[in-house]
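Colleague: A single structure is presented below for examination.
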Amino acid sequence: MSKSDETQQLIANNNVLRKDLNPENAKYYDDLLVYVRTAGILYDDYEVESRLFEILQDILDAQKDGSTAKEYFGQHPNEVADQLISNFPKITPKKQLKFYGIIFGISAIWTLILQMNSQSRQLNLAPFLLNGIFLLFLIWGILWFIHQSVYPKLIQNKKLGLLSTWVVSIFSILIFTGIQFFKPKVLSLTLTDGLVVTINALVIVAAIITMFVIKKAWRPIVIACEPIIWVIALSNIFKLYAPTNMNKPILIWTAVLALISITWFFVWFWRDGHKESSEKATEKK
Amino acid sequence: MNNSQLLKGVLEGCVLIVVSQDEVYGYELVQKLNKLGFTDVIGGTVYPLLQKLEKRGDLTSQQKPSSEGPMRKYYSLTKQGQKQLHEFVSQWQALESVVNKIISQKGGQDE
């Protein structure tokens, strides 16, 4: 078993074992779990998960012996967690690079699709870079925010917390939209028909390959997004070669197929969630 | 005994001694320490300590099936840990005799 499989196994075992905690201990441990998991993106997953699982097993032992998680682990779990976090090893530079690569890859596919779908026949490189950076900041920001709100230090007031979440969301949408219009001429490429076909074909191929190589945990979301990507990329190619009077039918077909794809996206998630909750139900029996 | 700085260094040495007798998992270690007289030691004190000792190379850990069935993370002493243990014992004995001598001369009282 590879280390990343072992990590997945630890997370799965943790999910199952956590159900044995009594409500009071569950609240205590869940807070600790979220606090530690959101501490950073670049910590070695295996180290983090094996430590969390070890603590869970021990809290369950304490529970069996009649003590609470608070009695066993202490009054200030955040201080203990901070000590543990500061000693977690970081992932190797190679893995860090891979992580950034995935983030920029995902944002590049979306940027490409957005730009290809416009009529201008221009490909601007600026949004590729900016979208990637922005996505990275967004992930980092969301984690930081959750991390801070578990054991509130920064934002004590719940309403204030909600308000700041709302402000951040609005700002994110504004920035993301703004980036799409930021297209300095220097970084613009004019596309020939051949390039449009090649790039869109590559997007489809890359999307299919991703489906097979991506980690198991990410596969559902990739499968859910897949049809939307195919439909848009294919319509970009068809638009080039179809006679002008076919423009309208192509647009209608794209819209219909996109609608089906989006339905697929939600059905997939609904089914996935449904499966999980029915599994939980059978376990309880 | 409270959780003072003095205790922390001593606890580190005692953890090495306990682990040297038999490999243990976290909860087991906390219980053993409690029984030995460190009644205030809790999990929250022990995990950072175990992590530190493992990082330094005094301890090593391994997933093994426990007596009750499921896999547990068992800690055992490394060669370096053994050396560290001997160092702790000799340092402690030297310190103990000095401290005891001072206490017996001064009677341990403020004058």
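The values are calculated or read from the model by the stated rules, or taken from the named source; none is laboratory data. All values reported here derive from a predicted model rather than from experimental measurement. So basically every Cβ, Gly included, is an ideal-geometry build from the backbone, and we count neighbours across all protein chains shown. Keep in mind that these areas ignore ligands, DNA and RNA; they rest on the heavy atoms of the full protein, side chains included. Shrake-Rupley method; radii C 1.70, N 1.55, O 1.52, S 1.80 Å.
Colleague: Give me the angle, in degrees from 0 to 90, between the Cα long axis of helix B:5-21 and the longest principal axis of the Cα atoms of chain B, rounded to the nearest 10.
Modeller: Long axis of B:5-21 versus the principal axis of chain B: about 50 degrees.
Colleague: Can you check what the Kirkwood hydrodynamic radius comes to for segment B:51-101, Cα pairs only, in Å to one decimal? Spell out each step's value before the answer.
Modeller: On the way: mean 1/r = 0.0773 Å⁻¹.
Radius from the Kirkwood sum: 12.9 Å.
Colleague: Over all Cα pairs of segment A:22-72, how is the pair count split among 10 Å bins, expressed in % and running from 0 up to the last occupied bin?
Modeller: 25, 51, 22, 3
Colleague: At q = 0.14, 0.15, 0.24 Å⁻¹, what log₁₀ I(q)/I(0) does a Debye calculation on the Cα points of chain B give, no solvent, two decimals?
Modeller: -0.63, -0.70, -1.40
Colleague: Taking all pairs of different Cα atoms in segment A:92-191, averaging 1/r and flipping that mean, what Kirkwood radius in angstroms comes out?
Modeller: Numbers: mean 1/r = 0.0641 Å⁻¹.
Its Kirkwood hydrodynamic radius stands at 15.6 Å.
Colleague: Calculate log10 I(q)/I(0) of segment A:115-264 for q = 0.10 Å⁻¹, where I(q) comes from the Debye formula with a single equal point scatterer on each Cα and nothing for solvent.
Modeller: Taking Cα atoms of segment A:115-264 as identical point scatterers yields -0.53.
Colleague: Same structure, new question: With a point put 7 Å past each Cα toward its Cβ, work out how far residue A:241 is from residue A:26 in nm, to one decimal.
Modeller: If labels sit at residue A:241 and residue A:26, their model points lie 5.7 nm apart.
Colleague: Rounded to the nearest 500, what is chain A's calculated 222 nm mean residue ellipticity when only DSSP H runs of at least 4 contribute -39500 (n - 2.57) each, over all residues?
Modeller: Mean residue ellipticity, 222 nm, calculated: -26500 deg cm²/dmol.
Colleague: Moving to a separate point now. Calculate how steeply helix B:79-106 sits against the longest principal axis of the alpha-carbon atoms of chain B, using the helix alpha-carbon long axis, and give the answer as 0 to 90 degrees to the nearest 10.
Modeller: It is inclined by approximately 20 degrees.
Colleague: I would also like to ask the following. If a helix is a whole DSSP H run, which ones in chain A reach 20 Å or further along their own axis (Cα) and hold a mean Kyte-Doolittle hydropathy of at least -1.0? Kindly include the intermediate steps, with their values, before the conclusion.
Modeller: Details: long enough: A:3-17 (21 Å, -0.79); A:23-37 (21 Å, -0.67); A:45-64 (28 Å, -0.47); A:93-116 (33 Å, 0.77); A:126-150 (36 Å, 1.71); A:158-181 (35 Å, 1.38); A:193-213 (30 Å, 2.28); A:219-241 (34 Å, 1.32); A:247-284 (55 Å, 0.02).
Length and hydropathy pass: A:3-17, A:23-37, A:45-64, A:93-116, A:126-150, A:158-181, A:193-213, A:219-241, A:247-284.
Colleague: To continue, here is another question. List the residues, sorted by chain then number, that are 5 or more residues from residue B:72 or on another chain and whose placed amide H is less than 5 Å from its amide H.
Modeller: The list, which skips near neighbours in sequence, is B:64, B:66.
Colleague: Which value, in debye to the nearest 20, gives the size of the charge dipole of segment B:9-111 about its Cα centre, when Lys and Arg are +1 and Asp and Glu are -1 at the Cβ?
Modeller: Using only the charged Cβ atoms, the result is roughly 320 debye.
Colleague: Probe 1.4 Å, all protein chains in place: accessible area of residue B:87 in Å², nearest 10?
Modeller: Residue B:87 exposes around 90 Å² with every protein chain in place.
Colleague: Now, a different point. Excluding residue B:77 itself, calculate the net charge of residues whose Cβ lies under 9 Å from the Cβ of residue B:77, where each Lys or Arg counts +1 and each Asp or Glu counts -1. Provide the component values of the computation, followed by the final result.
Modeller: On the way: positive: B:79; negative: B:23, B:58.
Local net charge: -1.
Colleague: Counting helices only, and only those DSSP H runs with n ≥ 4, report the 222 nm mean residue ellipticity of chain B as the sum of -39,500 (n - 2.57) divided by its residues, in deg cm²/dmol to the nearest 500.
Modeller: Values: 4 runs with 70 residues, N = 111.
Helix contribution divided over all residues of chain B: -21500 deg cm²/dmol.
Colleague: Here's something else I'd like to know. What Kirkwood Rh does segment A:3-91 have if only Cα atoms enter the pairwise 1/r average? Answer in Å. If you can, show how the numbers build up before the last one.
Modeller: Values: mean 1/r = 0.0750 Å⁻¹.
Hydrodynamic radius (Kirkwood, Cα only) of segment A:3-91 equals 13.3 Å.
Colleague: Rounded to the nearest 20 Debye, what is the dipole magnitude of chain A about its Cα centre when Lys and Arg each give +1 and Asp and Glu each give -1 at the C-beta? Don't skip to the answer; put the middle values down first.
Modeller: Working: 28 positive and 23 negative charges, 235 e Å.
Here chain A has a charge dipole of around 1120 debye.
Colleague: Something else about it: Please give the helix B:43-56 orientation as an angle from the longest Cα principal axis of chain B, in degrees from 0 to 90, rounded to the nearest 10.
Modeller: The angle comes out at about 80 degrees.
Colleague: According to a simple spin-label model (label point 7 Å from Cα along Cα-to-Cβ), what is the distance in nm between residue A:46 and residue A:250?
Modeller: A separation of 5.0 nm, rounded to one decimal place.
Colleague: Something else about it: Could you quote the convex hull projected area for chain A, Cα atoms only and averaged over all directions, in nm²? Don't skip to the answer; put the middle values down first.
Modeller: Details: hull surface 76.9 nm².
Averaging across all directions leaves 19.2 nm² for the Cα convex hull.
Colleague: For peptide A:64-71, compute the average count of partner chain beta-carbon atoms within 10 Å of each residue's beta-carbon. Spell out each step's value before the answer.
Modeller: Details: counts 2, 2, 0, 2, 0, 1, 2, 2.
Mean number of neighbouring Cβ atoms from other chains: 1.
Colleague: Just to be sure I understand the model, the point goes 7 Å from the Cα along the line to the Cβ. What's the resulting residue A:271 to residue B:60 distance in nm?
Modeller: Result for the modelled spin labels: 4.8 nm.
Colleague: I'd like the FRET efficiency for residue A:67 and residue A:98, computed as 1/(1 + (r/R0)^6) with the beta carbon distance as r and R0 of 41 Å, rounded to 0.05.
Modeller: 0.45
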